[in-house]
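A quick write-up on the structure given underneath.
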């Protein structure tokens, strides 16, 4: 799994239950950009949908990736 930092942030927000619109507002990016990150994340993770992608992201990340994602989330909050 090689997600970009932006894709990891989006996956983390999905795990938290945010909608694409809410993710866009939090990250200060367009809805269409969020959709691009979601779609790429689904593809890279081999998931069936966004919920499945969030679940796979949560399960397969290493502690280091998890900590990096938290750091990136804090930067955009």
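The values are calculated or read from the model by the stated rules, or taken from the named source; none is laboratory data. Values in this document were obtained by computation on a predicted structure and should not be read as measured data. Note that each Cβ is placed from the backbone with ideal geometry, even for glycine, and that neighbours are counted across all protein chains shown.
Sub-8 Å Cβ pairs linking a first residue in region 31-48 that is on the phi > 0 side of the Ramachandran plot to a second residue that is surrounded by 13 or more Cβ atoms within 10 Å (Cβ to Cβ), at least 6 apart or interchain, are 46/56, ordered by first then second residue. For region 15-34, the criterion of a residue being touching a helix residue (DSSP H, G or I) at 6+ places or on another chain (Cβ under 8 Å), outside any helix (DSSP H, G or I), at pLDDT below 90 and surrounded by fewer than 13 Cβ atoms within 10 Å (Cβ to Cβ) is satisfied by no position. Of all the listed residues (58, 3, 73, 67), the sole one being out of contact with any strand residue (DSSP E or B) (no Cβ under 6 Å at 6 or more places or on another chain) and outside any helix (DSSP H, G or I) is 3. When each of 41, 54 is tested for being at pLDDT 95 or above, under 11 Å from the mean Cα position of the chain (by Cα) and crowded, with 20+ Cβ neighbours inside 10 Å, the lone residue that passes is 41.
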